[in-house]
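J.: Quick one: the structure is below, and I'll ask about it shortly.
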Amino acid sequence: HVKSLATAIKKYHEAGFLHLDLKPENIFVIPETPEHIYLFDFDSAVRIDQLKDGKIIELSYSEGYSAPEQVQGQIHMVGTHTDVYAIGAILFAKIFGRSPKIEDCRISSGYSFTNMVYYSESYRPELFRRLSRFFHKTLSASARNRWPDMKILIDELDKLIKLSNLEEQYL
């Protein structure tokens, strides 16, 4: 579902928009398939060129899912990496059962994966290493440390999906 979300947001970005209000409440998962979702609540979507032109003077945000630059009103810092943060926050919330806090967004943050909602000792250790990297590159408090676009995020999600397959054998 998170990959489907990232793919939809990539299309937003390609069309010149930022969503800026990604949170679980704005996503409807179609139960018949993991590949299709509906997004709700588009009133926070903005054109990227309007941000750069200074035509936008205020942004709304959702507590727990919005990037620090958005929450702090640093409009000049908002970009595609702002939606990257939100997708990282959504995956974090689904895995840990809570939205990320500031201590989860530091470059030195460590994650206790045994506290995952879906924890299993059968997961490959590489999954936890890659998840840590994923969260460091999406949830970073510094926009510069986040992935700049959805393509990189989607590629990493593909790797995480493959690693999370409990039926696949590994040595």
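The values are calculated or read from the model by the stated rules, or taken from the named source; none is laboratory data. Please read these numbers as outputs of a predicted model, since none were measured by experiment. We place every Cβ from the backbone using ideal geometry, glycine too, and count neighbours over all the protein chains shown. Areas reflect the complete protein model, heavy atoms only, side chains present, ligands, DNA and RNA absent. Shrake-Rupley method; radii C 1.70, N 1.55, O 1.52, S 1.80 Å.
J.: If we only count helices (runs of 4 or more DSSP H) wholly inside region 59-153, which ones have 2 or more residues that are within 21 Å of residue 8 (Cα to Cα) and open to solvent by less than 30 Å² (accessible area, probe 1.4 Å)?
T.: Result: 80-96, 125-138.
J.: Pairs please, first residue from region 138-161 and under 22 Å from residue 126 (Cβ atoms) and touching a residue at least 24 places away in the same chain (Cβ under 8 Å), second anywhere and open to solvent by 20 Å² or more (accessible area, probe 1.4 Å) and of a type in the set (Ser, Thr, Tyr), Cβ atoms under 8 Å, 6+ apart in sequence or on different chains.
T.: 154/7
J.: Could you check region 15-36 and list, in sequence order, the residues that are crowded, with 18+ Cβ neighbours inside 10 Å and farther than 18 Å from residue 64 by Cβ?
T.: Of everything in region 15-36, those that are crowded, with 18+ Cβ neighbours inside 10 Å and farther than 18 Å from residue 64 by Cβ turn out to be 17, 18.
J.: Now for a separate question. Residue pairs, Cβ under 6 Å, 6 or more apart or interchain, first in region 112-125 and closer than 15 Å to residue 94 by Cα, second in a loop (DSSP other than H, G, I, E, B) and modelled with pLDDT of 90 or more. List them.
T.: 117/97
J.: If I filter region 154-171 down to residues being out of contact with any Asp or Glu (no Cβ under 9 Å at 6 or more places or on another chain) and assigned to a loop (DSSP other than H, G, I, E, B), which single residue comes out as most open to solvent (accessible area, probe 1.4 Å)?
T.: Ranking the candidates gives 171 first.
J.: To continue, here is another question. Within region 1-43, how many residues are in a loop (DSSP other than H, G, I, E, B) and in contact with a Phe, Trp or Tyr (Cβ under 8 Å, 6 or more places away or on another chain)?
T.: 7
J.: Any residue in region 85-99 that is closer than 19 Å to residue 68 by Cα and among the charged types (D, E, K, R)?
T.: Among the residues of region 85-99, at least one is closer than 19 Å to residue 68 by Cα and among the charged types (D, E, K, R), which makes the answer yes.
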